[in-house]
Amino acid sequence: MVSITSENTANGFITLGRIGIIQDNLHMSVAKKVHPTLWRSLDLFVKGMQKSPEYAQMFSRGFKKGLNTVVNDYEKVTRPAECRSYPQMLNIAITDMCNLGCVHCPRTYDDSIDLSQLDPETVKECIDKVSPHANKVQLSGGLGEPLLYDGLFDVISHAKSHNMDVWMISNGTLLDEDAAHRIIDSGLDYLSISLDGATEESYENIRRGADFEEVVSNVSRFCDIRERRNSDIRVRLVPVLFYEENLEELTDFIDIGARTGVDGIGFNELKEPLDTENITAAPLRNQDDQEFIQRKFREAQAYADEKGIEITLPIEDERPRCVEPWDMLTVTTNGHVRPCCTGPFGNFIGNLLEDDLEDIWNSEEFVDWRESMLSDEPPQACVDCQKPIY
């Protein structure tokens, strides 16, 4: 009898990953139309085999992590109301303290939000609760800037000691040379920089209190230091797009990406102009506007290909459907759990500081949210969100 261990399970997945999978396009097309359930199972199997090296890596980090990754990937396809797996990512807001006054940030226009931050030891306890199953933690800063957080590097090291990839989102204003070296020393895996304008005028109109040239210089220096130190950390720009303020700057963003040396640019959403009352909602545009937007996106993609820069654009038909309530646990600076990263601030589903993960993840409230999301009348937060449900 062969014992099931992390090592031989990982080797098994590596072996499976080397098996060539031949797909007959005609037969696959027929299967998709005639038997959609069979098609979905076959498609899931193919994708699983394509991801087998990633699965092998997860099993090498621990059997629970590997098994949870496989089962959770399956449930991200089937999206059951009650889950057998646990979230793969902990998205935790460590601080709401910030040095900017960004016009689209709730802390700027909503006085009812209780601004706070988590003690580093408390963050570690949250990581401990999810780390047996989760393989990623994102330090989002909540409504704040992570580089203002005193215990940042201690928290990153703690997550790394639990075999987790660590992601961080920063506004880049405090990314000086010392911070760059400390970030690389900490073992951070992914760094996203919020750069919401590709010109001084647009950027400083949105990110109020920031200096455009300084932030671009910070990003460029960080990438230079990364190269000199032979670090594997991935760096991306993540602009928020506004219909009137910076949509015309897509190629300028790409030029900045090429000039600074980042790994890619993720344009993660498209919002209404800043002078509208509801800048958080997805824009509702007429046909001419939609054609203009799509033309701009096509031009940007062609220019990025020419420059050799990887980009993602908020194109509805190409965006993956939302699976956040199945694979991510979003925690606020008070420990409250939200159903997703954009869910309403007052709609909480337990508290990770007080409750066990098992009691939160399949609680009546979370199950009801998943069911409601897939119903004919999804929550308003899902309607307003630009991530497609289906």
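At 1.4 Å probe size, with the rest of the protein present, what percent of the exposed accessible area of region 129-283 is carbon and sulfur atoms? Using a 1.4 Å probe with all protein chains present, region 129-283 comes out at 39 percent carbon and sulfur. Take the cross-link list Lys65/Lys129; Lys64/Lys136; Lys136/Lys271; Lys271/Lys307 and give me the ones stretching past 19 Å between alpha-carbons. Those over the limit are Lys136/Lys271; Lys271/Lys307. Each residue of region 286-294 is assigned a 3J(HN,Hα), and the resulting list reads 7, 4, 5, 4, 4, 5, 5, 4, 5 Hz, derived from the Karplus form 6.51 cos²θ - 1.76 cosθ + 1.60 (θ = phi - 60°), x at Gly and Pro. Stretching Asp178 away from Glu365 to a fully extended chain increases their span by 62.9 nm, per 0.36 nm per residue minus the current alpha-carbon distance. In terms of the mean number of neighbouring beta-carbon atoms within 10 Å, the peptides 381-390, 84-93 order highest first as 84-93, 381-390.
Hey, got the dipole for region 194-260? About the Cα centre, +1 on K and R Cβ, -1 on D and E Cβ, debye to the nearest 20? Each step should come with its number before you reach the end.
Numbers: 9 positive and 16 negative charges, 133 e Å.
With only Lys, Arg, Asp and Glu charged at Cβ, the dipole is about 640 debye.
Rounded, prolate or oblate: which fits region 168-276, taking a ≥ b ≥ c as square roots of the Cα gyration tensor eigenvalues, rounded meaning a/c under 1.5, else prolate when a/b beats b/c? In terms of gyration-tensor shape, prolate.
Protein heavy-atom surface of region 319-390, 1.4 angstrom probe: 48% of the accessible area is carbon and sulfur, with nucleic acids and ligands not counted.
The modelled label-to-label distance between Tyr190 and Ala258, using points 7 Å beyond Cα along the C-beta direction, is 2.6 nm.
The label point for Asp110 and the one for Ile315, both projected 7 Å from the Cα toward the Cβ, are 3.2 nm apart. Taking 0.36 nm per residue of sequence separation and removing the Cα-Cα distance, the Glu299/Glu82 pair yields an extension gain of 73.9 nm.
What's the extension gain from Thr199 to Glu227 if we count 0.36 nm per residue and subtract their Cα-Cα distance? Mind dumping the intermediate values first?
Details: separation 28, 0.36 × 28 = 10.08 nm, distance 2.60 nm.
Length gained between Thr199 and Glu227: 7.5 nm.
Taking all protein chains as they are arranged and a probe of 1.4 Å, the heavy atoms of Lys136 leave approximately 40 Å² accessible to solvent.
Close amide-amide hydrogen proximity is noted between Phe242 and Leu247, Lys271, each under 5 Å apart and 5 or more residues distant or on a separate chain (H modeled in the peptide plane; Pro and chain starts excluded).
Computed on the Cα trace of region 295-390, the radius of gyration divided by the Kirkwood hydrodynamic radius gives Rg/Rh = 1.11. Per-residue SASA remark: Asp252, around 60 Å² accessible (1.4 Å probe; ligands, DNA and RNA not included).
The values are calculated or read from the model by the stated rules, or taken from the named source; none is laboratory data. Everything numeric here is computed off the predicted structure, so don't read it as measured data. Methodologically, a virtual Cβ is constructed for each residue, glycine included, from the backbone with ideal geometry; neighbour enumeration extends over all protein chains shown. Accessible surface is based on the protein model in full, side chains and every heavy atom, while ligands, DNA and RNA are left aside. Shrake-Rupley method; radii C 1.70, N 1.55, O 1.52, S 1.80 Å.
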